[in-house]
Every structure is written in C-alpha cells, then in structure tokens.
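The values are calculated or read from the model by the stated rules, or taken from the named source; none is laboratory data. None of these values were measured; they are calculated from a predicted model. In this analysis, Cβ positions are derived from the backbone assuming ideal geometry, glycine residues included, and neighbour counts consider all displayed protein chains. We work out accessible area using only protein heavy atoms, side chains counted, and drop any ligands, DNA or RNA first. Shrake-Rupley method; radii C 1.70, N 1.55, O 1.52, S 1.80 Å.
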Amino acid sequence: MSRHTPSKGNDSDAEGEPDLVALLGSRLCHDLVSPIGAIGNGLELLELSGGGGEEIALIRASLDAALARIAFFRLAFGKAGTGPQVSAREVQDVLHAMYRDTRTRIKWTDTDDHPRSEMRLACLALNCLEVATPWGATVEVSRNPNAWVFHVDAKRLKIDAPLWQGLGRGTLPDDLKGSEVQFGILARDCRRLRRPISVSADDSHLSLLV
C-alpha cells in the first residue's frame, strides 16, 4: 500500500519551545516504574519465603523485561537534557535484559560513555530497527568519530521502503503509525543536530548510519 506524500513538517517544534514529546516520554516512564517496581518488591518477598516455582520465575522474567523496556524507552523518548553522560555498561545491561528472551541479539561494541542526546539517537535507531526485524536478527552497534553504525543480519527482514527511504531523506510519510513514531523523532533530532542519515537494505541485510 502506498504511503501519503512525505512532508518535512511532521514533528518539528517551534524554536525554543519545550520538547513536549520527550517530556511526555519521561513522565510516562516515571509513572510506570513505581507500580511495576512495587510488583518486583512483592515478588522478591515471595521468592525469599520460598514460594512460587515456575510460575514465579515466569512472572519474574516478564517483570524484568518490562522494567528493561521502560529504561530503554526513557533513553529513547525521554528528555535528553544536559545531565551526566550515559555509560556503555548501562545501555548494554538494558539491552541484554530487554532482548534476552527474544530472537534478536544486540552486539554493542562501543565501550565509551556518551551524552544522553547521543544515546537517545542510538536507542531511537534500535527502535526503528525493531520494525524491520519482527522475526529476529543479529544487530551490531558500533561508533565511528561522526556517527552510530548499525549492521543488521537476518534470515528475513520486513522493509517498508517508503519509510526507510524517507528516513534517509529526512522526509517521512505524513501517515506515520503509532508503531513508527520513532522514525519521525529520529529524523527530527538528526535534522536539529545536522546529522545525515544513511540507509541501505535488502531482503536480509540492513545498514544504518545515524
């Protein structure tokens, strides 16, 4: 199915105004962590008392994956800010927990800490790659002096050509779905930072530079 005519005005904010999308992401993550963390505390008490078994282990695995996903969303969609740098170890731990029980493996080879705005770009890019890898893949993440580099290998990829071509041009379709919002935010952030985006893909390989 064809997509609507691309536009450069999908998600731009007026200069100097707060990034409401990022603030919303931060708020949602903050509000979700507390109740999910409380569930984790309850599980810990059950585990210490010897209760549970396979059922508790299953709940624990699901809870850990949910907490990891929230931490990932906070990096990808939360306010970048000017706070302390984010460590490679923190991101690696989040990604390991998030993808542990999936068919996707992330090889994060960069060992340096980076400003939150840089880690945000990397996490947004990974979230975009999830759209292309519903059947699993191996994703290698590295860093050159100017950009994040992603190499994806899979038996099969799901490539929405207008979406990925639009990301490379910075002109995404106007009819973005909710599951594709990361493409719009990544394109917007890269425009603001004057960072070009390069995409190449076929049926089983995808390369992305951000």
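Assorted remarks:
- None of Leu157, Leu163, Leu129 is in a loop (DSSP other than H, G, I, E, B), in contact (Cβ under 8 Å) with a residue 24 or more places away in the chain and open to solvent by less than 50 Å² (accessible area, probe 1.4 Å) except Leu157.
- For Ala201: the one exception among (1) free of Cβ contacts under 8 Å to residues at least 40 places away in the same chain; (2) open to solvent by 20 Å² or more (accessible area, probe 1.4 Å): (1)
- Reported count of residues in region 49-104, each being part of a helix (DSSP H, G or I) and either touching a Pro at 6+ places or on another chain (Cβ under 7 Å) or open to solvent by less than 30 Å² (accessible area, probe 1.4 Å) (or both), is 14.
- Failed item, numbered, when Asp112 is tested on (1) within 18 Å of Gln182 (Cα to Cα); (2) modelled with pLDDT of 95 or more; (3) surrounded by fewer than 19 Cβ atoms within 10 Å (Cβ to Cβ): (1)
- For region 35-47, the count of residues that are more than 20 Å from the chain's Cα centre (by Cα), modelled with pLDDT of 75 or more and open to solvent by 80 Å² or more (accessible area, probe 1.4 Å) is at least one.
- Gly9 being at pLDDT below 70, open to solvent by less than 60 Å² (accessible area, probe 1.4 Å) and more than 26 Å from Gly168 (Cβ to Cβ): no
- Every residue from region 132-154 that is open to solvent by 30 Å² or more (accessible area, probe 1.4 Å) and hydrophobic (A, V, I, L, M, F, W, C): Trp135
- Any hit, region 82-96, residues being among the small types (Gly, Ala, Ser), on the phi < 0 side of the Ramachandran plot and touching a Phe, Trp or Tyr at 6+ places or on another chain (Cβ under 6 Å): no
- Residue within region 143-151 that is farther than 14 Å from Leu209 by Cβ and without any contact (Cβ under 8 Å) to a residue 60 or more places away in the chain present: no
Residue-by-condition table, conditions (1) free of Cβ contacts under 8 Å to residues at least 24 places away in the same chain; (2) over 14 Å from the mean Cα position of the chain (by Cα):
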position	(1), (2)
Leu58	yes, yes
Leu63	no, yes
Ala68	no, no
Ala88	no, yes
Met98	no, no
Lys107	no, yes
Asp112	no, yes
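- Residues of region 174-190 that turn out to be surrounded by fewer than 16 Cβ atoms within 10 Å (Cβ to Cβ), under 18 Å from the mean Cα position of the chain (by Cα) and not small (Gly, Ala, Ser), as a count: 1
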